[in-house]
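Chemist: If you scroll down you'll find the structure; I have some questions about it.
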Amino acid sequence: MLEKQMTAHRVDRSICAWFWDYVLSQGGDSSKILPVIASPTHYLFQIFREGITFLACAQVEMPPLMGIEFLCRVADVLTDYLGGLNEDLIKDNFVIVYELLDEMMDNGFPLTTEPSILREMIAPPNIVSKMLSVVTGKSSNVSNTLPDATSSFIPWRKSDMKNASNEVYVNLVEEMDAVVNREGVLVKCEIYGEIQVNSNLPGLPDLTLSFANPTILNDVRFHPCVRFRPWESDQILSFVPPDGQFKLMSYRVKKLKSIPIYVKPQLTSDAGNCRINVLVGIRNDPGKTIDSITVQFQLPLCVASADLSSNHGTVDILADKTCNWSIGRIPKDKSPSLSGNLVLEAGLDRLHVFPVFNVGFKIMGVALSSLQIDKLDIKNTPSRPYKGFRALTQAGEYEVRS
């Protein structure tokens, strides 16, 4: 456990013990716990990322989204700084983690949360800095001078930005969440999407991004650089971008009616055995190649042994009874199928608990939400910059019930 006190009033660490007792009482899975919890003495905010729980507490009522958003910013900044997020990385760089938390919050209030500005204040870890800290005995990575942007009305960008590349790339990255019931009926289908921008523009550029069909967007969330009034009146994104990569906007598109691939499981059991057959194919052709297709499911605990094979791809059964079927791309001459026999434990004639099939896939070059970028206008640049656009759709929580 790594602890950081953010205010003059010290919070007792016993609140963490209360939180873990609460998690255990709710089933022991931190990823399924509500993001806001009221304890007898504090309000708790928590998020779960890559096996790590980020927990913040407050003694008075406050906007809950503020606490959740700050924890998300902390997780994003640590991922950006450390090149990933896991327990070992945090242990190896705990000095930088504490320094970042010092700059990101001041006396209980969020302060500097923009990664590009934090990089000027605190040098990211590298081999050279670690060697110097060993030789000199100095472990601090904090700069002696504050960046100019900290006193600017545009705190996410340097005032004298100079870049020779003069280019900007806009990526639409979407995840499809879907639930298909055992009759093959689509119960739920929605998309969570992000607009990711990689900006390398000189000076102080002013960008305007417009969409052909912005009315389909729900639950929009913006980077602080986005001016809210143009979006509220005309649904146009007007902003001065940070330098480098950043998430400009996130959104949801709800109540979609079609999915790109189908998975048809059939399970029949009798006399202590269960015959399984799973078919996979293209349901609605997106016009681009569907790649990295996988099907994963958990064998029921009552299954003693399993013999599974497929006519395309590879099938692996792990020690925890998780079955992974890696398909890749669907061939043109046949539909991938998995079949085999499950032997039930002694005393069981039929299978009473049926598995849920989790599907994965990637589609480059298409946004299944049908969101279309109309144009990107760039002002206040000394020369005409290069503009690039790309789209990617992948599976999120894509479940097929059996």
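The values are calculated or read from the model by the stated rules, or taken from the named source; none is laboratory data. All of these numbers come straight from a predicted model, not from anything done at the bench. Because the Cβ atoms are built from the backbone with ideal geometry, glycine has one as well, and the counts that use them run over all protein chains shown. SASA here: full protein model, heavy atoms, side chains in, ligands and nucleic acids out. Shrake-Rupley method; radii C 1.70, N 1.55, O 1.52, S 1.80 Å.
Chemist: What share of Cα pairs, in percent, lie more than 21 angstrom apart in region 1-107?
Modeler: Looking at region 1-107, the distances longer than 21 Å represent 35 percent of pairs.
Chemist: Give me the percent of Cα-Cα pairs in region 246-402 that sit more than 23 Å apart, rounded to a whole number.
Modeler: Counting every Cα pair in region 246-402, those more than 23 Å apart make up 50 percent.
Chemist: I'd like the Karplus ³J(HN,Hα) series for region 65-75: coefficients 6.51, -1.76, 1.60, θ = phi - 60°, whole numbers in Hz, and an x wherever there's a Gly or Pro.
Modeler: These are the phi-based 3J(HN,Hα) values: 5, 5, x, 5, 4, 5, 5, 5, 5, 4, 5 Hz.
Chemist: About its Cα centre, what dipole magnitude does the chain give when the only charges are +1 on Lys and Arg Cβ and -1 on Asp and Glu Cβ, stated in debye to the nearest 20?
Modeler: It works out to roughly 1000 debye.
Chemist: Now, a different point. Note down, for region 169-261, the three equivalent ellipsoid semi-axes (square root of 5 times each alpha carbon gyration tensor eigenvalue), biggest first, whole angstrom.
Modeler: 32, 14, 9
Chemist: Show me the trypsin sites (Lys or Arg not before Pro) within region 205-260 that DSSP assigns to loop and that have at most 10 other Cβ atoms within 10 Å of their Cβ.
Modeler: K255, K257
Chemist: Find me the longest stretch of the chain that has none of the exposed GluC sites (Glu not before Pro), where exposed means in a DSSP loop (not H, G, I, E or B) with at most 14 other Cβ atoms within 10 Å.
Modeler: Of all site-free stretches, the longest is 184-344.
Chemist: Please report, for the Cα atoms of the chain, the Rg to one decimal and the Dmax as a whole number; what are they, in angstrom?
Modeler: 25.2, 79
Chemist: Next question, about the same structure. Using 0.36 nm times the number of residues separating V179 and S39, minus their current alpha carbon distance, what extension gain do you get?
Modeler: 47.0 nm
Chemist: Treat every Asp and Glu Cβ in region 39-90 as -1 and every Lys and Arg Cβ as +1, leave all other atoms uncharged, and give the resulting dipole magnitude about the Cα centre to the nearest 20 debye.
Modeler: In total the dipole reaches around 140 debye.
Chemist: Residue by residue through region 12-17, what is 3J(HN,Hα) from phi via Karplus (6.51 cos²θ - 1.76 cosθ + 1.60, θ = phi - 60°)? Round to whole Hz and write x for glycine and proline.
Modeler: Coupling constants for region 12-17: 5, 5, 5, 5, 5, 5 Hz.
Chemist: Give me the percent of the accessible area of the chain that comes from carbon and sulfur atoms, probe 1.4 Å, all protein chains in place.
Modeler: 51 percent
Chemist: Can I ask one more? Tell me, what is the 1.4 Å probe accessible area of S335, in Å² to the nearest 10?
Modeler: Rounded to the nearest 10, the figure is 60 Å².
Chemist: Moving on to the next point. What does the accessible area per residue of region 197-280 come to in Å², with a 1.4 Å probe and no ligands, DNA or RNA counted?
Modeler: 46 Å²
Chemist: So what's the gap between the Cα centers of region 60-127 and region 269-305, to the nearest angstrom?
Modeler: Between the Cα centre of region 60-127 and that of region 269-305, the gap is 41 Å.
Chemist: Would you mind getting me the FRET efficiency between D377 and A346? Use the beta-carbon distance for r and R0 = 56 Å, nearest 0.05.
Modeler: 0.20
Chemist: Treat each spin label as a single point 7 Å out from the Cα along the C-beta direction, and report the D291 to N311 distance in nm.
Modeler: It works out to 2.6 nm between the two label points.
Chemist: Then there's this: Rolling a 1.4 angstrom probe over the protein heavy atoms, how many square angstrom per residue are accessible across region 24-115?
Modeler: 54 Å²
Chemist: Which residue, chosen from P110, P202, A212, occupies the Cα position most advanced towards the positive end of the dipole of the chain, where the dipole is computed from +1 (Lys, Arg) and -1 (Asp, Glu) charges on Cβ about the Cα centre?
Modeler: A212
Chemist: For region 338-402, what does the accessible surface come to per residue with a 1.4 Å probe? Please give it in Å².
Modeler: Counting only protein heavy atoms, the per-residue value for region 338-402 is 57 Å².
Chemist: Here's another thing I want to ask about it. Read phi for every residue in region 226-238 and hand back ³J(HN,Hα) as whole Hz from Karplus 6.51 cos²θ - 1.76 cosθ + 1.60, θ = phi - 60°, with x for Gly and Pro.
Modeler: So the J values, rounded to whole Hz, are 7, 7, 6, 4, x, 5, 5, 8, 10, 6, 10, 8, 10.
Chemist: Using r as the Cβ-Cβ distance of R221 and N107, and R0 as 30 Å, what FRET efficiency do you calculate, to the nearest 0.05?
Modeler: 0.70
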